[in-house]
Amino acid sequence: MIDLLKLREHTKAVIDALKKKDPSFDGQLLAELDKQQRVLLVQVETLRAQKNQLAAQAKSGITPEIREQSKEIGATLKSKTEELEQISKDFKELYLRCPNVPEDDIPVGGKEANKVVKTVGEKPAFDFDPKNHVDLGLALGWFDFEAAAKMTGSQFVFYKDEGVKLIYALMMFMMQNNMKHGFTPMLPPYLVNEKSLEVAGNFPKFKDEVYSVPEEGLYLIPTSEVSLTNLYRDTTFMTSELPKRMTSCTSCFRREAGGYGAQERGLIRIHQFEKAELYTVCEPSKANDEFDRMLACAEDILQQLGLHYQVSLLASQDMSFQSAKTFDIEVWMPGQQKYYEVSSGSNCTDFQARRGGMRFKAHQNDKTQFVNTLNASSLALPRLMVALIETYQQADGTIKLPDVLKGFGLL
């Protein structure tokens, strides 16, 4: 949730900023509903006070004047209360759909306005025609899309043999790397309730993108960011307890309805995938430093694996709903002849903290403030596998994986 005080004090500036993020969102209506709600609340409280005063006077005897005034005030109070309930409902629904305000240095526009800010390494060169990961992986028996489609449906994968070993080796490698950078390992539930998805910013706007278990009122996590966001819901920290740095490696589940082109076949876009996540809760003054730590942690993985990648600052309309600033790390995939995102790091400022009631204070009697939350993929495994398979393919169709992955007794 955005800061309503800023909306009230700097209405035009906030509305203009929201239009950069989501041109379809009606920030003006949000400001008007907020104002109407506050005016009606004062009116209702005033009417209730007047009714209580009349009730006190009536203890000495009910006069025709008191009876008439009470009837008029009661009717007006009922009408205003109903109006307040409706306005409050409309306001809450719109407020929950309000995106975070982008920071001032964010490029304005969609994907076309994204800005590459860093490039690391060189595109690999081959003395043969490189294949894509689908042809390579199927020939090696590393995964089976037909089996997955038969037992589940399209856009799922059944990993096999060396493919499974690579998945687990990458998980162990990434968790080891993330702990080296100061992140504490966590293993959260894969099922969460509706409130958890609301706090993280997925609900109500993106409710149709998650898998649900309606009998239990639960949902499969689209990312462990949801679980980690809610670990400290309704918590007030002392400054000395911050920052909280966490990492987890879980399966993620996304419906991602819609058709995709031939370039996005195979492991590029699937409904169930493994991902290592970084998540930090900190003081607002420390958020930029923590953001740098996250990006360095994610980049360290790609550098150790010897993969070519670029870092892009996302434009306003390409950022996630809850983010104020996002950097994507995009790895080069030779078989696709294209960069694909393997990590997305976001500073969500106090947006999730307001939804989840996460605060901090320096001393026991101090006024509380909202923390900042940040998250980053570190990394998404299927696309990382694609990059590794396609980058380290040999002329005979085998894959020569980096030595750094061979220290876990799997490969």
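Share of segment 131-184's accessible area from carbon and sulfur, percent, 1.4 Å?
57
Most mobile of 63, 250, 119 per a Gaussian network model of the chain (Cα springs, under 10 Å)?
Answer for the Gaussian network model of the chain: 63.
In the chain, if the dipole is taken from +1 on Lys/Arg beta carbons and -1 on Asp/Glu beta carbons about the Cα centre, which of 284, 235, 313 is farthest to the positive end?
Sorting the options by dipole projection puts first 235.
What fraction of the Cα pairs in the chain, stated in percent, has a spacing above 43 angstrom? Mind showing how you got there, number by number?
Values: 19938 of 84255 pairs.
Pairs farther apart than 43 Å: 24 percent.
Rounded to whole Å, give me the distance from the Cα center of segment 49-88 to that of segment 320-359.
53
Using +1 on the beta carbon of Lys and Arg, -1 on that of Asp and Glu, and nothing else charged, what's the dipole of the chain about the Cα centre, debye to 20?
Details: 50 positive and 56 negative charges, 226 e Å.
Approximately 1080 debye in magnitude.
Give me the percent of accessible area attributable to carbon and sulfur for segment 260-411, probe 1.4 angstrom.
That share works out to 42 percent.
Which of 164, 371, 101 ends up with the largest GNM mean-square fluctuation for the chain, with Cα atoms connected below 10 Å?
It is 164.
Where does the chain land at 222 nm, in deg cm²/dmol rounded to the nearest 500, when only DSSP H runs of n ≥ 4 count, each adding -39500 (n - 2.57), divided by all residues? Don't jump to the answer; show the numbers that get you there.
Details: 12 runs with 167 residues, N = 411.
After summing the helix terms and dividing by residue count, I get -13000 deg cm²/dmol.
Just to confirm the number: angle between the C-alpha axis of helix 161-180 and the first principal axis of the chain, 0 to 90 degrees, nearest 10?
The helix 161-180 is inclined about 60 degrees to the chain.
Tell me which residues come under 5 Å, amide H to amide H, from residue 379 once H is placed; ignore anything under 5 positions away on its chain.
Under 5 Å from the amide H of residue 379 lie the amide H atoms of 276, each far enough along the sequence or on another chain.
Probe radius 1.4 Å, ligands and nucleic acids left out: which of 363, 271 has the largest accessible area, and how do the rest follow?
Final ranking, largest accessible area leading: 363, 271.
Please tell me the relative contact order of the chain in percent, rounded to the nearest whole number, where contacts are Cα pairs under 8 Å and at least six residues apart.
21
Send over a whole-number figure in Å² for the accessible area per residue of segment 112-196, probe 1.4 Å.
Here the per-residue accessible area is 60 Å².
Go through 174, 151, 179 and list them by solvent-accessible area, largest first, probe radius 1.4 Å.
Output order, biggest surface exposure first: 151, 179, 174.
At q = 0.14, 0.20, 0.23 Å⁻¹, what log₁₀ I(q)/I(0) does a Debye calculation on the Cα points of segment 55-185 give, no solvent, two decimals?
Per q value, in the given order, log10 I(q)/I(0) is -1.11, -1.16, -1.23.
For segment 262-411, what does the accessible surface come to per residue with a 1.4 Å probe? Please give it in Å².
Value for segment 262-411: 33 Å² per residue.
Rank 141, 98, 69 by how far each Cα sits towards the positive end of the charge dipole of segment 62-151 (+1 on Lys, Arg Cβ; -1 on Asp, Glu Cβ) and give me just the farthest.
Checked the options; the winner is 69.
So if I take the centroid of the Cα atoms in segment 276-291 and the same for segment 295-319, what is the distance between those two points in Å?
Computed from Cα coordinates, the inter-centre distance equals 17 Å.
With a sphere of radius 12 Å drawn around the Cβ of residue 123, what net charge do the other residues whose Cβ falls strictly inside it have (Lys, Arg +1; Asp, Glu -1)?
Numbers: positive: 338; negative: 122, 390.
Neighbour charge sum, excluding residue 123 itself: -1.
The values are calculated or read from the model by the stated rules, or taken from the named source; none is laboratory data. Worth saying up front: this structure is predicted, and the values here are computed from it rather than measured. Cβ: placed from backbone, ideal geometry, glycine included. Neighbour counts: every protein chain shown. Please note that ligands, DNA and RNA were not included when accessible areas were found on the heavy atoms of the full protein model with its side chains. Shrake-Rupley method; radii C 1.70, N 1.55, O 1.52, S 1.80 Å.
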